[in-house]
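Chemist: A single structure is presented below for examination.
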Amino acid sequence: MTTRTYAIDRHKMTFVERLYLPAILQGMLITGWHFVKNIFFMDRRMTIEFPEKKKTLPPGYRAEHRLMLREDGNVRCTACMLCATVCPARCIEIEAEDVGDNKIEKRPKNFTINELRCVFCGLCVEACPCDAIRMDTGKFENATFDRRTAIYDIKKLINNQAEGQSQLSQGLY
Ligand code: SF4
Ligand code: SF4
């Protein structure tokens with residue numbers, strides 16, 4: 001086995017460079033320029049005063065999950081388990097029950113997602129054959145004092161709509 005060696009050109013620092021003052025001054029000038037710019041050109045600031053101000057999320061943004069309903073008010077999910085199978089974080093648990101309808105066969109008795117364990121990859125949404133699960137709620141601030149509140153059951157997932165879009169409040173479930 002041959003070993004390769006690489007020569008790294010380390011030039012000797014000059015007296016001025018060893019003082020470090022020019023580099024410190026350069027850094028302070030850059031910081032000062034951004035400070036002044038942020039005061040006088042507030043509309044061009046890269047940061048926003050979150051959470052008072054919020055940015056508009058891009059269309060493809062993946063946020064907390066929600067479960068969709070059919071027009072008759074029943075949950076669209078047929079408990080096929082594809083989302084739970086594809087989930088790399090293993091954070092979806094589904095308990096299926098018989099519907100008594102040959103077309104649908106099954107539905108979830110319970111559907112649980114651990115939003116803290118989720119890595120927001122969106123694979124569950126892509127895998128779903130009936131558009132029963134979406135990640136378009138726009139909610140991503142899921143910090144909590146109690147981890148148990150981050151485990152969403154079926155009712156929470158159905159009701160987890162973006163503001164003003166609650167399906168539970170419309171009496172659909
Ligand atoms: S977004 Fe990814 S990690 Fe989260 S539940 Fe879906 S498949 Fe699992
Ligand atoms: S949400 Fe979609 S992929 Fe997941 S079990 Fe229900 S129908 Fe299947």
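Every read-out reported here was derived from the displayed coordinates using simple, explicitly stated rules and does not represent laboratory data. Here the structure is a predicted model, which means the values were calculated and not measured. Quick reminder, even Gly has a Cβ in these numbers, built from the backbone with ideal geometry, and neighbours come from all protein chains shown.
Chemist: Apply the Karplus curve 6.51 cos²θ - 1.76 cosθ + 1.60, θ = phi - 60°, to the phi angles in segment 117-123 and return the couplings in whole Hz, x for Gly and Pro.
Modeler: Each residue of segment 117-123 in turn: 7, 4, 9, 6, 7, x, 5 Hz.
Chemist: Could you list the GluC sites (Glu not before Pro) in segment 69-142 that lie in coil according to DSSP, counting only those with at most 16 other Cβ atoms within 10 Å of their Cβ?
Modeler: Glu71, Glu105, Glu141
Chemist: Residues with amide H under 5 Å of Asn110's amide H, sequence separation 5 or more or different chain, H placed in the peptide plane at 1.01 Å from N; which?
Modeler: Excluding prolines and chain starts, which carry no amide H, the hits are Glu95.
Chemist: As a check on your grasp of the helix formula, calculate [θ] at 222 nm for the chain: sum -39500 (n - 2.57) over DSSP H runs of n ≥ 4, divide by the residue count, round to the nearest 500.
Modeler: Per the formula, -6500 deg cm²/dmol.
Chemist: Using modelled backbone amide H atoms (1.01 Å from N, in-plane), which distant-in-sequence or interchain residues come within less than 5 Å of Val75's amide H?
Modeler: Close amide H contacts, sequence-distant or interchain: Arg70.
Chemist: Please work out the Cα center distance from segment 1-22 to segment 123-145, rounded to the nearest Å.
Modeler: The distance from the Cα centre of segment 1-22 to that of segment 123-145 comes to 50 Å.
Chemist: Same structure again: Expressed in whole Å with the largest first, what are the equivalent ellipsoid semi-axes of segment 1-72 derived from the C-alpha gyration tensor as the square root of 5 times each eigenvalue?
Modeler: 48, 30, 8
Chemist: Select from Asp153, Asp131, Asp101 the residue whose mean-square fluctuation is largest in a Gaussian network model of the chain (Cα-Cα springs shorter than 10 Å).
Modeler: Asp101
Chemist: Related question: Loop sites only, by DSSP: take the trypsin sites (Lys or Arg not before Pro) in the chain that have at most 13 other C-beta atoms within 10 Å and name the longest stretch containing none of them.
Modeler: The longest uninterrupted stretch comes out as 104-173.
Chemist: What do you get for the angle between helix 21-40 and the principal long axis of the chain? Use alpha-carbon atoms, 0 to 90 degrees, nearest ten.
Modeler: Compared with the principal axis, the helix lies near 50 degrees.
Chemist: Right, here's the next one. Taking θ as phi - 60°, what are the ³J(HN,Hα) couplings along segment 125-131 by the Karplus curve (6.51, -1.76, 1.60), each to the nearest whole Hz, with x for Gly and Pro?
Modeler: Running phi through 6.51 cos²θ - 1.76 cosθ + 1.60 with θ = phi - 60° gives 5, 5, 6, 5, x, 10, 6 Hz.
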